[in-house]
Amino acid sequence: MSNPVPSEFFVRIFLWFCPDHLQESILGDLEEQFTEDAAEIGKRKAQFRFAWNVVRFIRPGILLRRKLKTQYNNIAMYKNYFKIAYRNLVRHKFFSIINVAGLSLGLVMSLFIVTHILKELSYEKSFKNYDQIYRLSGDDWARIAPPYAREFRQFVPETKAVGWLFSFGSSIISLNQEQYFAEKPFMADPEILKVFNFNFLEGDATDALDAPGSIVLTNSLAKRLFKDGEERIGQTVSSFGDRKYEVTGIIEDLPKNSHIKLDFIISGANSFISESTSRSWSATSVYCLFENDQQVANAKAKLLDFQVSFLDGAATREEIISENLLLKLEPITDIHLHSHKEKELEANSDMSFIYIFGTLGVFILLIVIINFINLYVAQTLNRLKEIGIRKVMGAYRKHLIGQFLCEAFFLVLIAAAIAMLIAYVMLPFYNNLAGITLTVAELFSPQLISILLLLVLVVGSIAGGYPAIYLSGFGINEGLKTKLFKVSHKLPLRTVMVAFQFFISVALLTATLIVSSQMNFIQDKELGFAREEVLAIKLHGEIFNEATSNIDNVRHELTSHADVEQVSLVSELVGNRFGVERFALQQAPENTFSFRYVFTDNWFAETMGLDYIDGDSGNKNATEISYVLNETAAASLQSDQLIGQQAFNSFAETSGKVKGIVKDFNFTSLHNPVEPLVIQISHDPQYFGYLLIRMKTDNLKNTLTKIEETINEFAPNDVIISYFIDDKMDQLYRSESNMLSVFKIFSGTIICLASLGLFALFAFISQARTKELGIRKTLGANLGQLLMLMSKSYLVILLITIIAAIPLTWYLADDWLSNFAFRISMEWWHFTLPGIGVLTMAAIAILSQSWKVANNNPIDSLQDE
C-alpha cells in the first residue's frame with residue numbers, strides 16, 4: 001500500500017516556504033504520487049460500492065427474516081399462554097364457572113344499560129338538522145296559542161321556518177266503509193314539512209299540506225287502508241265524522257326515539273286553528289328551524305320584546321317577567337329527558353333515570369372487576385410454585401405478566417361471548433320490563449359492539465393487570481417455598497372490596513323496597529272516585545252523534561243491564577291534566593281565579609262516585625249551565641255561602657249558578673297536590689269527548705259484551721275505542737313502574753354477583769386455613785368455635801357496611817319521595833329488612849364453606865403437602 005498523500009492545505013503551506021527552484025521538483029513528485037493514489041482510491045471505491053450494493057440488496061431480507069422469526073416466537077408464546085389458560089380453566093372448574101358466570105351476568109346488564117342509555121340520548125336525532133330545530137313554548141306549558149307561530153315568524157326573520165302541530169288525541173279513519181283506529185292524528189301547518197324532514201315515500205313534500213282537506217299518511221297506516229299495489233295518492237279517506245280528506249303523501253313511519261308519534265297529518269290551512277285569534281288558548285306545539293347557532297342566539301335575544309308585543313294590552317313587560325310568561329326556545333333534543341311541562345305530546349322520560357342507570361352500570365362493572373380480582377388472585381395464589389419454577393427457567397417478569405393478562409382476557413372473552421348470547425335471548429324480557437323498545441340491531445350495532453370490546457379491554461386490563469403485576473412480583477424463594485398464600489389477619493384489600501359490594505347491594509335493595517312501597521301506596525290509595533269501575537268510550541262518528549243528541553235513550557239502554565249503574569258524558573278523562581280557565585263569582589267579578597276545568601253533564605258525579613259535601617248537581621233534566629266545585633276551589637273563593645251564587649267562566653263566556661261542592665279527589669297524578677277544579681255542567685256537544693259507564697265488576701267479561709252490543713245497536717258501523725279509568729291512571733306512573741322493575745332486576749343481579757364473589761372468596765380462605773383448623777380441632781376446638789373463628793371478622797365487617805349504607809339510602813330515597821305530593825313515610829323496616837336479608841345471604845355463603853372445612857378429618861387436614 002502506498003504512503004498516505006498529504007492534504008492539499010499542508011502542501012500549499014510547505015510550497016509557500018520553499019525556494020522557487022525546489023517547487024517544480026517537488027510538484028512533479030507530488031503529481032506522480034497523486035496519480036498512483038487516485039487510481040488506488042478509485043479501485044477501493046469501486047470495491048466498496050459493490051459491497052454496499054450487495055448489503056443493501058440482502059439487508060431487507062435479513063431484517064424481514066429476523067422480524068418474522070420474532071413474530072413467530074411471539075405467536076408461539078401467546079399460543080402457549082392461551083393453552084395454559086385453557087388448562088387452568090378446565091382444572092379449576094369451580095372458580096372458573098363462578099368467574100365466567102359473574103362476568104357474563106355483569107356484561108349482560110352493562111350491555112342493556114348502555115343500549116338503554118344510548119336509546120334515550122338518541123331522541124330526535126333521526127331528523128335532518130335536528131340540532132337546529134327548537135320548540136317555542138311557555139315556561140310551564142309545552143303548547144302555546146295558535147297565533148304565536150305566524151307572528152313569531154314575522155317578528156324574528158332569523159327563523160328559516162316556523163310550523164305548528166295540533167294533537168287530536170285519537171280518531172277513526174275510514175276508507176270504503178272500513179274503519180281503522182288512529183292513535184295519534186295531527187293537524188299541522190303546511191310549513192311544518194320544512195321544519196321536519198319527513199321521508200316522503202310518495203307525494204311531494206313541498207306542497208303536500210298546502211291545500212285544505214289534504215292528508216299525509218304514515219306508511220304503516222297506508223298499508224292498513226290500501227291493498228298492495230293499489231294507487232294511494234289522490235284517494236279520499238274520511239275521519240272526524242264524515243269529513244273527507246285527499247291523500248297527498250305517504251311518509252315513512254317516524255322512529256320510536258322521537259317525542260312526535262303520529263299516524264296521519266291533515267292540513268291546517270284555513271282551519272279553525274290557523275284562523276284562531278285567541279292569545280290564551282294553549283293548543284299548538286310550535287317548532288322553529290334555524291340555519292346556525294347565531295340565528296338561534298339572535299332569536300332568543302328577541303323573545304322578551306316579541307312577548308311584550310304579542311301580549312300588548314294584556315300584560316306589561318314587568319308582568320311578563322314577574323309572572324314567568326316569557327317564552328322559551330328549547331332544542332328538540334332536550335324535550336324527551338329535560339321537559340316536563342303541561343300538555344306535552346307524550347309522557348317524557350327524565351335525565352335522572354339516565355344518571356341512575358349509568359350509576360348502576362358503573363357499580364355492576366366495579367363489582368364484576370372486584371369479583372374477578374378476588375377470584376383470580378385466589379385461584380392463582382396456588383400457582384406460586386409455578387411462578388418460582390418459571391423464574392428459575394429464565395422467565396422475566398414481563399413474560400409472567402403477559403401470561404396472566406392473556407389468561408384474564410381469555411376468561412373475559414368467553415364471558416363476553418356468553419353475554420351476547422344471553423342478551424339476545426333476554427331482549428324481549430328486558431323490553432317488557434323496562435318499557436322500552438330495543439331491537440336486536442340496536443343491541444348489536446357497530447357502536448355497541450365497539451363499546452363491548454372496550455368493556456372487554458377495560459375489564460381484562462384492570463381485572464387481569466392487578467393480579468398479574470401482584471403475582472409476578474414474588475421472588476423465586478417465595479414461590480418455591482410456598483404453595484398457598486398465608487391469610488392475613490389484617491383487613492386485606494379483597495375484604496374491603498367485598499364490603500363495598502355489599503354496601504351497594506344493601507343500598508339498592510333498600511331503594512327498591514322504598515320505591516315498591518310508594519308504588520303500592522299509589523295503587524292502593526283511595527283517590528276519591530271509582531277508578532276500577534268506570535269504562536270510558538271514545539266518542540266519534542255515529543257514537544258521538546248518538547251520545548250527544550240522544551244521551552237519555554243511550555243511558556236508558558245501557559243502565560237496563562243489571563251490572564251497569566250509571567252513564568255520563570265528559571270532555572276529558574281523569575288522569576290527564578285538565579285545561580285551565582278563568583272563574584269568578586258574579587258578586588266579585590274583579591277577583592278571577594285560574595282553575596282547572598272539566599265539562600260534563602248532570603250525571604258525572606254519580607258516575608264517577610264523587611261525594612257531595614254541599615248541594616248537588618241540581619235537576620238532572622235541567623238544560624242550563626251550572627257549576628260544581630271541589631273543596632280546594634271552594635276554599636280559594638273564600639265565600640261563606642257558595643251554593644246558589646251566580647258565577648261565570650270568562651274564557652268560554654258562559655255563566656251559571658254554583659250547584660254543589662264535592663270532596664277533593666285526585667283527578668291527576670299523585671305527584672301533584674289536588675288543584676282547584678270546576679266541573680262545568682254543560683249541554684253543548686262540542687265539549688264532549690268520552691262516554692263514561694260505571695259498572696259492577698263481578699262479571700266483567702259478560703258486562704263488557706252487553707255494553708258492546710248496546711253501543712253497536714246505536715252505531716253498528718263504528719269501531720268502539722274504550723279505556724278503563726284505572727289503566728289510564730296507571731299510565732301516570734309508567735316511568736316509576738319501569739324504574740322499579742329495572743331496580744329489581746339490577747338489585748338482584750348485584751346481590752347475586754356479591755354473593756358469588758363472597759362464596760368463592762371464602763372457599764379459597766377456607767382452603768388456606770385448612771391446616772390451621774385441623775390443628776385447632778386436634779387441640780380441642782369444637783365445631784361452633786371453628787365456625788365463629790372463620791366467620792366472625794367478616795360478618796362484623798359486613799354488619800358495619802350495612803349500617804353505613806343507611807344514611808345515604810335514606811337521603812336519596814327522601815329526595816325521590818319529595819317528587820310526590822302524596823307519599824309514604826319511611827319506616828324502620830325499610831332499612832333493616834334489606835340489611836338482614838343481605839347479611840343472611842352473606843352468612844350462608846360464609847358458613848357453608850366454613851362448615852365444610854371445619855368438618856374435615858384433622859388427619860387429612862394435617863397431612864403434609
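The values are calculated or read from the model by the stated rules, or taken from the named source; none is laboratory data. The structure displayed is predicted, hence computed values, not measured ones. FYI the Cβ positions are ideal-geometry reconstructions off the backbone, even for glycines, and counts take in every protein chain you see. Areas reflect the complete protein model, heavy atoms only, side chains present, ligands, DNA and RNA absent. Shrake-Rupley method; radii C 1.70, N 1.55, O 1.52, S 1.80 Å.
In whole percent, how big is the carbon plus sulfur part of the accessible area of the stretch 104-247, probe 1.4 Å, protein atoms only? All intermediate terms of the calculation are to be shown ahead of the outcome.
Working: 2630 of 5990 Å².
After summing per-atom areas, the C and S share lands at 44 percent.
Sketch the reach of a paramagnetic label on Thr206 as a point 7 Å from Cα along Cα-to-Cβ, and name the residues of the stretch 147-162 whose backbone nitrogen lies under 20 Å away.
160-162
With +1 on each Lys and Arg Cβ and -1 on each Asp and Glu Cβ, how big is the dipole of the stretch 91-178 about its Cα centre, in debye rounded to the nearest 20? Can you show the working numbers first?
Values: 10 positive and 8 negative charges, 99 e Å.
With only Lys, Arg, Asp and Glu charged at Cβ, the dipole is about 480 debye.
Leaving out ligands and nucleic acids, and using a 1.4 Å probe, what accessible area per residue does the stretch 694-847 come to in Å²?
Details: 7540 Å² over 154 residues.
Each residue of the stretch 694-847 exposes 49 Å² on average to a 1.4 Å probe.
Please list, in chain and number order, the residues 5+ apart from Ser445 or on another chain whose amide H is under 5 Å from its amide H, with Hs placed from the backbone.
The list, which skips near neighbours in sequence, is empty: none.
What is the local net charge at Gln785, summed over the other residues whose Cβ is closer than 12 Å to its Cβ (Lys, Arg +1; Asp, Glu -1)?
Details: positive: Arg776, Lys777, Lys792; negative: none.
Residues near Gln785 contribute +3 overall.
Only four residue types carry charge here, +1 at the Cβ of Lys and Arg and -1 at the Cβ of Asp and Glu. Report the dipole size of the stretch 661-728 about the Cα centre in Debye, rounded to the nearest 20.
Numbers: 6 positive and 10 negative charges, 42 e Å.
Result for the stretch 661-728 is approximately 200 debye, rounded to the nearest 20.
Based on alpha-carbon centroids, what's the gap between the stretch 769-801 and the stretch 161-233 in Å, whole number please?
Between the Cα centre of the stretch 769-801 and that of the stretch 161-233, the gap is 75 Å.
Just the number, please: percent antiparallel of the DSSP beta bridges in the stretch 211-260, rounded to the nearest 5.
Values: 4 of 9 bridges.
DSSP beta bridges in the stretch 211-260 are roughly 45 percent antiparallel.
Which loop trypsin sites (Lys or Arg not before Pro) in the stretch 671-701, with loop taken from DSSP, have no more than 13 other Cβ atoms within 10 angstrom of their Cβ? Don't skip to the end; give the middle numbers.
Working: sites: Arg694, Lys696, Lys701; in loops: Lys696.
Loop-located and lightly packed - Lys696.
Kindly rank 595-605, 739-749 from highest to lowest mean number of other beta carbons found within 10 Å of each residue. Could the numbers behind the result be given before it?
On the way: 595-605: 22.5, 739-749: 19.4.
Highest to lowest by the protection proxy: 595-605, 739-749.
What FRET efficiency, computed as 1/(1 + (r/R0)^6) with R0 = 51 Å and r the Cβ-Cβ distance, is obtained for Asp524 and Glu713, rounded to the nearest 0.05?
Values: r = 38 Å, r/R0 = 0.75.
Calculated value: 0.85.
Using a Förster distance of 41 Å, how high is the FRET efficiency between Lys663 and Glu275, based on the Cβ-Cβ distance and rounded to 0.05?
0.50
Under the 0.36 nm per residue contour assumption, what length would be gained going from the current alpha-carbon distance of Leu779 and Tyr180 to full extension? Before the final figure, lay out each step's value.
On the way: separation 599, 0.36 × 599 = 215.64 nm, distance 8.52 nm.
Result for the pair: 207.1 nm of gain on full extension.
Which pairs break 31 Å Cα to Cα here: Lys93/Lys119; Lys706/Lys728; Lys300/Lys538; Lys128/Lys538; Lys659/Lys706; Lys538/Lys701?
Working: Lys93/Lys119 38 Å; Lys706/Lys728 22 Å; Lys300/Lys538 41 Å; Lys128/Lys538 36 Å; Lys659/Lys706 34 Å; Lys538/Lys701 19 Å.
In this structure, Lys93/Lys119; Lys300/Lys538; Lys128/Lys538; Lys659/Lys706 lie more than 31 Å apart at Cα.
Please work out whether the stretch 498-609 counts as rounded, prolate or oblate from its C-alpha gyration tensor, where a ≥ b ≥ c are the square roots of the eigenvalues and a/c under 1.5 means rounded, while otherwise a/b larger than b/c means prolate and anything else oblate? Before the final figure, lay out each step's value.
Details: a/c = 3.27, a/b = 1.71, b/c = 1.91.
Oblate, since a/c reaches 1.5 and b/c is not below a/b.
In whole percent, how big is the carbon plus sulfur part of the accessible area of the stretch 680-740, probe 1.4 Å, protein atoms only?
Working: 1260 of 2980 Å².
Its accessible area is 42 percent carbon and sulfur atoms.
Label points 7 Å out from Cα along the Cβ direction at Ala301 and Val90: separation in nm?
7.5 nm
Under a 5 Å amide H to amide H cut-off, with H placed in plane at 1.01 Å, what residues pair with Asn199 once short-range neighbours are removed?
Amide H neighbours of Asn199: Glu252.
What does the accessible area per residue of the stretch 94-182 come to in Å², with a 1.4 Å probe and no ligands, DNA or RNA counted?
Details: 3100 Å² over 89 residues.
I get 35 Å² per residue for this part.
Ignoring any ligand, DNA or RNA, what whole percent of the accessible area of the stretch 537-651 comes from carbon and sulfur when the probe is 1.4 angstrom? Write out the running numbers ahead of the final one.
On the way: 2140 of 4840 Å².
Carbon-and-sulfur percentage of accessible area, whole number: 44.
What is the gain in length, in nm to one decimal, between Thr592 and Leu847 on full extension, counting 0.36 nm per residue of separation less the C-alpha to C-alpha distance?
Numbers: separation 255, 0.36 × 255 = 91.80 nm, distance 7.16 nm.
Additional length available on full extension: 84.6 nm.
In nm, what is the difference between 0.36 nm times the number of residues separating Asn197 and Leu812 and their Cα-Cα distance?
Working: separation 615, 0.36 × 615 = 221.40 nm, distance 4.23 nm.
Gain on stretching Asn197 to Leu812: 217.2 nm.
I'd like the Karplus ³J(HN,Hα) series for the stretch 687-703: coefficients 6.51, -1.76, 1.60, θ = phi - 60°, whole numbers in Hz, and an x wherever there's a Gly or Pro.
Karplus-based 3J(HN,Hα) across the stretch 687-703 equals 7, 8, x, 9, 9, 9, 10, 8, 9, 7, 9, 5, 10, 4, 4, 5, 5 Hz.
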